[in-house]
Amino acid sequence: MVVMDIYDVMRTTAAVREYTDDPLPDEVLTRILDNARFAPSGGNRQGTRIVIVRDAQTRNLLADLGMSAAKRYVAQLRNGEGPWNPLQPCGVDAETIAAVQVPRDSPLREAPVVLVVCIDLSVVAAFDQDLDRIGVVSGASVYPFVWNILLAARNEGYGGVLSTGVIAEEPRAKELLGLPEEFAIAAVLPLGKPVRQLTKLKRRHVAEIATVERFDGQPFGE
Ligand SMILES: Cc1cc2nc3c(=O)[nH]c(=O)nc-3n(C[C@H](O)[C@H](O)[C@H](O)COP(=O)(O)O)c2cc1C
């Protein structure tokens, strides 16, 4: 195992959606999860559970479940909307969405392994639960773990993508995988050996996203 510099890993963990035929052995996956599990969670309640899916039929069924979300995503994009934005109603009708041909097939079909990362909602702490806005804090008890998995996979020479389309059909996905009532699906991660590894990611500079003392303060790090 080659250990990369942590900053190199952070700067080059790209969304990987195409995989070679190389397997991702259980031994490597064990190492990925054994390191990723040190992610934090609210109150250290550790409500994250991971279903490891290798079975092709299950991966294809999950891919099929993600298609309706992908169609709406593409339809809204074509209509100049922010796709699936919870503050904007969808301005595209169901018939138009259904007719969309999604340009790229789901990476879940070809990946040697798909991780379905779930969170036990009965143990999360969500300090924003009484606010009149979309909840974000519950996710903070699972997404550090999710991102750790992708960072660890990169460190091992593998790659994947944090995908969420399946979650639009969560009840059917939960039934397929036998998830208990109190669990939510947070992410679906196809993982495999990247066909190509991008190393220059497009991200905003620090001065564009950080300000001093106040939101309207001086840009930081100019
Ligand atoms: C919350 C979240 C949801 C995402 N959902 C999907 C998804 O459903 N399907 C997909 O292909 N990529 C999904 N992505 C991946 C993003 O498109 C990707 O991380 C982003 O475009 C940056 O890509 P890059 O690292 O290659 O620059 C998601 C990423 C995040 C953080």
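The values are calculated or read from the model by the stated rules, or taken from the named source; none is laboratory data. Treat the numbers as computed from the prediction; the structure is a model and nothing was measured. With ideal geometry, Cβ positions are generated from the backbone for all residues, glycine too; neighbour counts draw on all protein chains shown. For accessibility, only protein heavy atoms count, side chains too; no ligands or nucleic acids. Shrake-Rupley method; radii C 1.70, N 1.55, O 1.52, S 1.80 Å.
Using just the helices of the chain, give the 222 nm mean residue ellipticity in deg cm²/dmol: DSSP H runs with n ≥ 4 each add -39,500 (n - 2.57), and the total is spread over all residues, rounded to 500.
-9500 deg cm²/dmol
Cβ under 15 Å from GLY178's Cβ, GLY178 left aside: what net charge do those residues give with Lys, Arg +1 and Asp, Glu -1?
Once positives and negatives cancel, what remains is -3.
What accessible surface, in Å², does a 1.4 Å probe find on LYS71, ignoring ligands, DNA and RNA and rounding to the nearest 10?
LYS71 exposes around 50 Å² with every protein chain in place.
Does anything in the stretch 69-97 have its amide N under 20 Å from the 7 Å Cα→Cβ label point of GLU170, and if so which residues?
Counting only backbone N, you get 69-73, 83-90.
Once you sort the root eigenvalues of the Cα gyration tensor of the stretch 14-83 as a ≥ b ≥ c, which label holds: rounded (a/c under 1.5), prolate (a/b larger than b/c) or oblate (the other case)?
Taking the square roots of the gyration eigenvalues as a ≥ b ≥ c, the stretch 14-83 is oblate.
Could you please report the charge total around THR20, scoring K, R as +1 and D, E as -1 over all other residues with beta-carbon less than 11 angstrom from its beta-carbon?
That sum, taken over residues with Cβ under 11 Å, equals -2.
What net charge is computed for the residues neighbouring VAL74, neighbours being all others with C-beta under 12 Å from the C-beta of VAL74, Lys and Arg scored +1, Asp and Glu -1?
+3
If N is the number of residues in the stretch 108-222, what value comes out of its Cα radius of gyration divided by 2.2 N^0.38 Å?
Compactness ratio reported: 1.33.
LEU162 accessible area, nearest 10 Å², 1.4 Å probe?
Result for LEU162: roughly 70 Å² accessible.
Hey, can you grab everything whose amide H is under 5 Å from the amide H of VAL102? Only 5+ residues off in sequence or another chain; H modelled, so Pro and N-termini drop out.
Close amide H contacts, sequence-distant or interchain: none at all.
First check a/c for the stretch 100-147, with a ≥ b ≥ c the square roots of the eigenvalues of its C-alpha gyration tensor; if it is under 1.5, answer rounded, and if not, answer prolate when a/b is larger than b/c or oblate otherwise.
Judged from the Cα gyration tensor, the stretch 100-147 comes out oblate (a/c at least 1.5, b/c at or above a/b).
Calculate the length of the line joining the C-alpha centroid of the stretch 198-222 to that of the stretch 41-100, in whole Å.
About 29 Å separates the Cα centre of the stretch 198-222 from the one of the stretch 41-100.
Averaged per residue, what accessible surface does the chain expose to a 1.4 Å probe, in Å²?
62
Go from 0 up to the bin containing the longest alpha carbon distance in the chain, width 10 Å each, and give me the % of pairs per bin.
All Cα pairs, binned at 10 Å, distribute as 8, 26, 35, 25, 6, 0 percent.
Please give the Cα centre distance for the stretch 1-30 versus the stretch 101-150, rounded to the nearest Å.
First find each Cα centre; the distance between them is then 19 Å.
Using the Cα centre as the reference, give the magnitude of the dipole from point charges on the C-beta atoms of the chain (Lys, Arg: +1; Asp, Glu: -1; all else neutral), rounded to the nearest 20 debye.
500
If you average 1/r over every pair of different alpha-carbon atoms in the stretch 133-191 and take one over that average, what Kirkwood value in Å do you get?
It works out to 12.8 Å.
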